[in-house]
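Encoded as structure tokens, the structure appears first; notes follow it.
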Amino acid sequence: MKKILLILGLVLTSITFAQDVKYGVNGGLNFANIDYEVSQSPLSFSLDTDVRTSFYLGGFAEFSLPNMEHKLQTGLSLNFNGFKFENSEPGDFIQESNIRITQLNIPVLFKFNAYEGLFINGGAYVGFIVHAEEEFREEDFFFDDSFSGSETITDEFNTLDFGLSFGAEYNLENGLFFEARYNLGLTNIANVDEEEGDFDFGDVSVSAKNRFFMLGVGFKFN
């Protein structure tokens with residue numbers, strides 16, 4: 001929390017001294033996964049998960065720093081994160097899960113002007129998980145039995161997320177731009193409850209950290 005407050009303080013200070021401001025919108029594909037680890041001393045293992053492809057939408061404000069060609073950007077982004085998981089044995093059973101995490105992010109980016117129209121971006125984001133849902137399917141070939149469904153699992157995740165962002169952006173003169181950004185979550189978003197929930201492993205610790213790559217386009221209004 002102290003890191004988050006420090007970043008927000010630096011942003012507000014920078015915006016105070018910023019000159020020109022442009023507003024814009026952006027959106028595109030969101031390739032999300034999770035770094036999931038389970039450990040019980042002295043053993044630990046990582047869950048092999050797959051990328052979930054969805055999309056993101058956002059709006060932002062871009063500030064020109066005084067006497068510099070570099071920029072500072074912040075805004076609000078709606079990202080549909082999550083991951084996929086499959087556990088199967090050919091001819092025996094199949095277990096599939098599709099975890100959908102709806103998240104609001106506030107990115108803070110310093111945009112270094114590397115070349116005409118090209119910016120290299122770096123910064124951080126603060127995220128808020130507002131909803132999570134699991135869609136599952138299980139099939140047992142031995143007993144010739146199968147079932148599927150979905151359930152809300154928002155309580156199994158912490159609300160607050162925080163991470164780093166790295167990327168690049170290329171701008172055209174008409175206001176259109178193209179962007180790519182990788183987001184590396186640093187906080188554990190798994191809400192481990194010792195008494196209830198799917199993350200109930202007793203004395204086993206669970207760590208789940210967001211990983212998502214954004215590839216899209218946007219437009220800046222003059």
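The values are calculated or read from the model by the stated rules, or taken from the named source; none is laboratory data. The shown structure was predicted, so the numbers you read here are calculated from the model rather than taken from an experiment. As a convention, Cβ positions derive from the backbone with ideal geometry for all residues, glycine included, and neighbour counts pool all protein chains shown.
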(message) Among the residues that make up segment 71-86, is at least one of them in contact (Cβ under 8 Å) with a residue 12 or more places away in the chain, farther than 23 Å from residue 48 by Cα, exposed (fewer than 15 other Cβ atoms within 10 Å of the Cβ) and out of contact with any Leu (no Cβ under 8 Å at 6 or more places or on another chain)?
(response) no
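Being of a type outside the set (D, E, K, R) and in contact (Cβ under 8 Å) with a residue 24 or more places away in the chain, is that true of even one residue in segment 146-154? Outline the logic, then answer.
As a first pass, look at segment 146-154 and keep what is of a type outside the set (D, E, K, R): 146-150, 152-154.
Next cut, in contact (Cβ under 8 Å) with a residue 24 or more places away in the chain only: 153-154.
Looking through segment 146-154, at least one residue is of a type outside the set (D, E, K, R) and in contact (Cβ under 8 Å) with a residue 24 or more places away in the chain.
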(message) If I filter segment 73-80 for residues that are farther than 19 Å from residue 206 by Cβ and either of a type in the set (Val, Ile, Thr) or at pLDDT below 95 (or both), do I get at least one hit?
(response) yes
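Mind checking whether some residue in segment 89-102 is more than 23 Å from residue 176 (Cα to Cα), free of Cβ contacts under 8 Å to residues at least 12 places away in the same chain, out of contact with any Ser or Thr (no Cβ under 6 Å at 6 or more places or on another chain) and assigned to a strand (DSSP E or B)? I'd like the intermediate steps shown before the answer.
Within segment 89-102, the first condition is being more than 23 Å from residue 176 (Cα to Cα), and the residues that meet it are 89-102.
Next, from what is left, pick out any that are free of Cβ contacts under 8 Å to residues at least 12 places away in the same chain: 89-90.
Cutting the leftovers down to out of contact with any Ser or Thr (no Cβ under 6 Å at 6 or more places or on another chain) gives us 89-90.
Okay, now just the ones that are also assigned to a strand (DSSP E or B), so 89.
Within segment 89-102 (the criterion being more than 23 Å from residue 176 (Cα to Cα), free of Cβ contacts under 8 Å to residues at least 12 places away in the same chain, out of contact with any Ser or Thr (no Cβ under 6 Å at 6 or more places or on another chain) and assigned to a strand (DSSP E or B)), the answer is yes, since at least one residue qualifies.
Condition test on residue 63, is it under 22 Å from residue 112 (Cα atoms), aromatic (Phe, Trp, Tyr) and assigned to a strand (DSSP E or B)? Break it down into steps so the answer makes sense when it comes.
Values: under 22 Å from residue 112 (Cα atoms): yes; aromatic (Phe, Trp, Tyr): yes; assigned to a strand (DSSP E or B): yes.
Judged against the criteria, residue 63 is a match.
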(request) Can you work out which of the residues in segment 87-138 that are of a type in the set (A, V, I, L, M, F, W, C), touching a Gly at 6+ places or on another chain (Cβ under 9 Å) and under 20 Å from residue 153 (Cα atoms) is modelled with the lowest pLDDT? (result) 136
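Among the candidates 81, 87, 105, which residue alone is of a type outside the set (A, V, I, L, M) and more than 21 Å from residue 59 (Cβ to Cβ)? Talk me through it step by step, then tell me what you get.
On the way: 81 fails: more than 21 Å from residue 59 (Cβ to Cβ); 105 fails: more than 21 Å from residue 59 (Cβ to Cβ).
None of the other options fit; the residue is 87.
Taking segment 156-184 on its own, how many of its residues are over 12 Å from the mean Cα position of the chain (by Cα), outside any loop (DSSP other than H, G, I, E, B) and within 17 Å of residue 36 (Cα to Cα)? Please lay out each step first, then the result.
Here is the first cut: in segment 156-184, the residues over 12 Å from the mean Cα position of the chain (by Cα) are 156-159, 166-180.
The next check asks that each one be outside any loop (DSSP other than H, G, I, E, B); those that pass are 156-157, 166-171, 176-180.
Next, from what is left, pick out any that are within 17 Å of residue 36 (Cα to Cα): 156-157.
Total satisfying the criteria: 2.
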(request) Just name the residue that is farthest from residue 97 (Cα to Cα) out of those in segment 41-65 that are modelled with pLDDT of 95 or more and among the β-branched types (Val, Ile, Thr). (result) 53
